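Here, each number is a calculation from the coordinates, and none is a lab measurement. Computed from a prediction, not measured in an experiment: that's the story for all the values here. Note that we place each Cβ from the backbone using ideal geometry, even for glycine, and neighbour counts take in every protein chain shown.
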C-alpha cells in the first residue's frame, strides 16, 4: 500500500520548508507557558500560583484531548467535499462534548473529588487552579475548531497559514497578559486564564478565515474515485487516536498526583512547572513531525529521507536542551526571564531539566512512527503503545513516591522511561504492519 504524495526526488530542503511553519506554530504555543509564569512569578502568592498552573494546564489538556487529534484526522482524510462535510459534522459533535465535560468537571463538586481526593493537591493550590479552569470552559471548543481547520490546510500544503495563526495566538497571549498585569489587580491565575482563552479564540478565528480559500479551492467538489466517508468510519479512525491522546495526557495528572505525594509538595509542583516551561519548548519542536510524515510519506527513498529528517531534528533538539542544562543557561532563564525568586525552586527546576534531556530525541523517533502508522490507517497500534508507556510511567512514579525521591526526580525519570517504552512498542508495531501491508 502506498500513500499519495510527492515524487521520490523530494529533498530535505522541501521537507524542511513544509515542516518549519508547523514547528514554529508549536514553538509559539510553547511560549505561552513562559509568558504565563513570568506574570505569575511577579505577583503575590507566587509559589502557590506556580504550583496551581501545573494542574490547571494538566486538567485543561486532559479534557480537550478528544479534539487534539482532529488535526491528524483532517490531515489524513480531508480529501473532497463529501469528506469535508462529514469531518465538519464530526468535529462539531466532539467540540460540544468536550465543552460539556469541562463545565461538569470544573463547575460542580466533581472538581474537588478530582483535585483533592484523587490528585491530593493542597487546598490552596486546588482553589487557585479552579478559578482559572472556570474561565477556560470554552477553551477546548476553540482548540478543536482550529486544529480541525489546520488539518485541512496542512493536507493541501498551506502550512505557512498555520504559523501565521499561532503567531497571532502568541501575540494575543502576551498583549492580554501583560496589559491585565499592568492595568488591573486581578489574581494571577485569573489573569493568565483570561489571556489563554483570548489567545486560542484569536487563533481559531484566524483559522476559520484563512481556511476559507483552501475549502473553496480544494474541497468544493466530490472526487468520484474516493469512497464516501461515514461517521462510523471516522469514529473507528479517530477514536483510537483520541484514546491514545487521553492516555498520553493522563500522564500529566498522574505526575501531579506523584508530585503532590512527594516531599515538599508545593516546592515540587512549582519547580516542575517552572522546568516544564523550558522542557515543553524543546519537546514541541518534534510535535509537528507526524503531520509532515502523513502528508509527504511515500515508500522507498522518500520514507528514508523523512526518517533521517526526524532523527536529525531529535538529535539536534536534545543536544540544545543538554547544552542549556550543562551551561546553567536554564537557571538564568528561570531567574531573569521568568522572574522566579526562590533559589530552591530554580535549583530543583534545573535538576528536572537536566534529567529530561532525552525526551525530545525519543519524541522525534515516536513522531516518525506515529506518522507512518496513521498514514496507513494503523491507528490502533498507537493505542497499544501508549498503554504500555502509561503502565511504565505508573510503576516508575510509584517507585519514586515509595522511595520518597524528590518530586522532580521521580517525574523526570518516569516520563523518560515511558517515552522509551512507547518507542519500542511503536517500532515493533510498524515492523508487523509493514509485513501485513506487503502481503495485502
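Annotation: the residues 47, 301, 127, sorted from fewest to most other C-beta atoms within 10 Å of their own C-beta, follow the order 301, 127, 47. Give me the percent relative contact order of the chain, please, defined on Cα pairs under 8 angstrom at least 6 residues apart. This gives 25 percent for the chain.
What FRET efficiency comes out for residue 120 versus residue 17 if R0 is 45 angstrom and r is the Cβ-Cβ distance? Round to the nearest 0.05. FRET efficiency, residue 120 to residue 17: 0.40. Across the range 222-329, the mean sequence separation of Cα contacts (distance under 8 Å, 6 or more residues apart), normalised by length, yields a relative contact order of 18 percent. Note: relative contact order over the range 151-310, using C-alpha pairs below 8 Å and six or more positions apart, is 20 percent.
Maximal additional length on extending the residue 428-residue 225 stretch stands at 69.8 nm, based on 0.36 nm per residue less the C-alpha distance. The three principal axes of the C-alpha atoms in the range 12-439 carry coordinate ranges of 62, 42, 40 Å, sorted with the longest axis first. Axis of helix 407-439 versus longest Cα principal axis of the chain: the two differ by about 10°, to the nearest ten degrees. Helix 379-402 and the longest principal axis of the C-alpha atoms of the chain enclose an angle of approximately 20°.
Between the range 222-251 and the range 143-210, what is the C-alpha centre distance in whole Å? So the two Cα centres are separated by 25 Å. By the count of other C-beta atoms within 10 Å, a proxy for reagent exposure, 248, 11 are ordered fewest to most as 11, 248. Ordered by the count of other Cβ atoms within 10 Å of each Cβ, fewest first, 431, 146 give 431, 146. Here the spin labels are modelled as points 7 Å beyond Cα on the Cα-Cβ line, and at residue 113 and residue 377 they lie 3.9 nm apart.
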